[in-house]
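First comes the structure, then the notes that go with it.
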Amino acid sequence: YIDFGLLWWRHVDDPEFEEDWGVFNFSECINDWWLGVARNPRLFHSILTVPFDLKRFWNARPGLTLWVVGNQSYIAAMYFGCHLTEAGQPMCAETGDWSRVSAAACMVAFAHWYYIFDYNWNEPAYLTTTDIRHDLFGWMLTYGDFGFLVWYYCFAFCGHIAWLEKPLTDNYVNFAVGTTIYVLAMYLFRVTNIQKHNFRTYIANGGDLSQYKVWGKPVEYIHTEEGSYLLTSGWWSFARHFNYIGDLTMCLGWAISCTGPGHVFPWVPLSYCVYFWLMDIHRMFRDENRCRMKYKADWVKYETIVPWRIFPNVF
C-alpha cells in the first residue's frame, strides 16, 4: 500500500505500470487498502531478467503450501491421539494408531492436495482467472491468500475432525456420498476450465476457428469489437460461469464426509461452504460488471445467447 500506493511515482517506469496505480483521494484510502492499488506489482526489475511477480507468488506458493502442511498436521494429531487436557495443555500418545485417523480427513487432505497440485500443473490456465488478471493486490488478497486461507481452510475440515471427542471412523455412508460428490465436482471443475483454456490457446496459437470443434461440433463464439472471443459452445453454452458449479459443489462433498450418526453437526465445515459460496458469487458479480463495461453491446448479446450466470434455468 505504501510502496505502490502512496509512493506510486516510484514505479512509473515499470513495464507493468498502469495509470490507475496509486492513492489519490483520502476518501478512497480504505477501499484502496482493502482492494489494492496495483494489479500485478513486480519487484527487483534491475537485478532480475524477469521481475518478481508479487501477486502471482503470493497467490500460489506460500499459502497453498502451508494449507497442505496444516492438513497433514491435523492428521498427525489424530494419529497420535492429541487432545487438550482439562488444564488446557496439549497431550499426545507416545505411539500412533491409524485406527484413530478418519478416512474423511484423509480424503479431504488428498482433495486439497490435488487441488493445489492441479493448480501448479495447469498454472497457465489459472493465470487467466479473475484473481490474477483483474483483481488488484490489496489486503483482501494478501491476507486471504497467506493468512485466512492457511488457518481456516485447514481447520474447517481436518481441524474439525481432529477436535471431535469421538474419532470419525464409522461414517461409511457419509464418507461414500461425500467422496462421490467431490469426485464428480472436481471432474466438472477441471473439464470446464480446460475447455475454455484450450479454446483460448488455439486462438493464441493462430488456429483457424472454422476448423475448431467442441464436442464434435463447430465451435460457437462471439468475436467482440474489443478483440476478445466469448465461448458459447460446450459447457459454456449452459451458463456464463458454469465452471463455478464444480468449485461450489466440492466443499459440500467435504462437509458431508465430515459428519455421521453419533457425531456433532458439522457447523464448522458448513461455515466454510457458506463463506465460499458468498466469496465465489461475489467474485462472479465483480467479473460480470467488469465484462459488461469492457465488452458493452457484445456482452448484452452474450447474455442473450447464454442467459444464465451459474446454474442453468435457476440463476
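Taking residues in segment 171-183 that are closer than 10 Å to ALA255 by Cα and of a type outside the set (Gly, Ala, Ser), and partners anywhere that are outside any helix (DSSP H, G or I) and open to solvent by 40 Å² or more (accessible area, probe 1.4 Å), the pairs with Cβ atoms closer than 9 Å and at least 6 places apart or on different chains are ASN174/PRO261.
Note on segment 276-295: residues that are of a type outside the set (A, V, I, L, M, F, W, C) and without any contact (Cβ under 8 Å) to a residue 24 or more places away in the chain total 3. One residue stands out among those in segment 230-241 that are open to solvent by 20 Å² or more (accessible area, probe 1.4 Å) and either in a loop (DSSP other than H, G, I, E, B) or among the hydroxyl-bearing types (Ser, Thr, Tyr) (or both): the one that is nearest to ILE305 (Cα to Cα), which is SER237.
Looking only at segment 282-315, residues that are of a type in the set (Phe, Trp, Tyr), surrounded by 15 or more Cβ atoms within 10 Å (Cβ to Cβ) and part of a helix (DSSP H, G or I) come to 3 in all. The residues on offer are PHE157, PHE148, and the sole one that is surrounded by fewer than 21 Cβ atoms within 10 Å (Cβ to Cβ) and either more than 28 Å from ASP32 (Cα to Cα) or without any contact (Cβ under 8 Å) to a residue 24 or more places away in the chain (or both) is PHE148. Among the conditions (1) more than 18 Å from TRP308 (Cα to Cα); (2) at pLDDT 95 or above, ALA297 misses just one, which is (1).
Against the condition free of Cβ contacts under 8 Å to residues at least 60 places away in the same chain, over 30 Å from ARG286 (Cα atoms) and of a type in the set (Ser, Thr, Tyr), how does THR85 come out, does it pass? Against the criterion (free of Cβ contacts under 8 Å to residues at least 60 places away in the same chain, over 30 Å from ARG286 (Cα atoms) and of a type in the set (Ser, Thr, Tyr)), THR85 qualifies. Scoring VAL191 on the criteria (1) over 30 Å from ILE222 (Cβ atoms); (2) under 21 Å from the mean Cα position of the chain (by Cα) leaves a single failure, condition (1).
Looking across segment 120-170, just one residue is among the aliphatic types (A, V, I, L, M), in contact with a His (Cβ under 8 Å, 6 or more places away or on another chain) and either closer than 23 Å to ARG290 by Cβ or part of a helix (DSSP H, G or I) (or both), and that is ALA125. What do you reckon, is PRO51 open to solvent by less than 70 Å² (accessible area, probe 1.4 Å), at pLDDT 90 or above and under 24 Å from ARG133 (Cα atoms)? So PRO51 passes the test. Each residue in segment 247-281 was checked for being modelled with pLDDT of 95 or more, crowded, with 18+ Cβ neighbours inside 10 Å and small (Gly, Ala, Ser), and 3 of them qualify.
Filtering segment 72-119 to residues that are farther than 19 Å from TYR182 by Cβ, assigned to a helix (DSSP H, G or I) and touching a Phe, Trp or Tyr at 6+ places or on another chain (Cβ under 7 Å) leaves TYR79, TRP98, ARG100.
Of everything listed in (1) under 13 Å from GLY159 (Cα atoms); (2) within 29 Å of the chain's Cα centre (by Cα), the single unmet condition for PHE44 is (1). Consider VAL173 carefully, then state whether it is open to solvent by 70 Å² or more (accessible area, probe 1.4 Å), out of contact with any Pro (no Cβ under 6 Å at 6 or more places or on another chain), more than 30 Å from CYS291 (Cα to Cα) and aliphatic (A, V, I, L, M). Spelling it out, VAL173 is indeed open to solvent by 70 Å² or more (accessible area, probe 1.4 Å), out of contact with any Pro (no Cβ under 6 Å at 6 or more places or on another chain), more than 30 Å from CYS291 (Cα to Cα) and aliphatic (A, V, I, L, M). Taking the listed residues PHE137, PHE57, the one that is of a type in the set (Phe, Trp, Tyr), within 25 Å of ALA38 (Cβ to Cβ) and open to solvent by 40 Å² or more (accessible area, probe 1.4 Å) is PHE57, with no other qualifying.
The values are calculated or read from the model by the stated rules, or taken from the named source; none is laboratory data. Keep in mind it's a predicted model, so treat the numbers as computed, not measured. Quick reminder, even Gly has a Cβ in these numbers, built from the backbone with ideal geometry, and neighbours come from all protein chains shown. Side chains included, ligands, DNA and RNA excluded: accessible areas come from the protein's heavy atoms. Shrake-Rupley method; radii C 1.70, N 1.55, O 1.52, S 1.80 Å.
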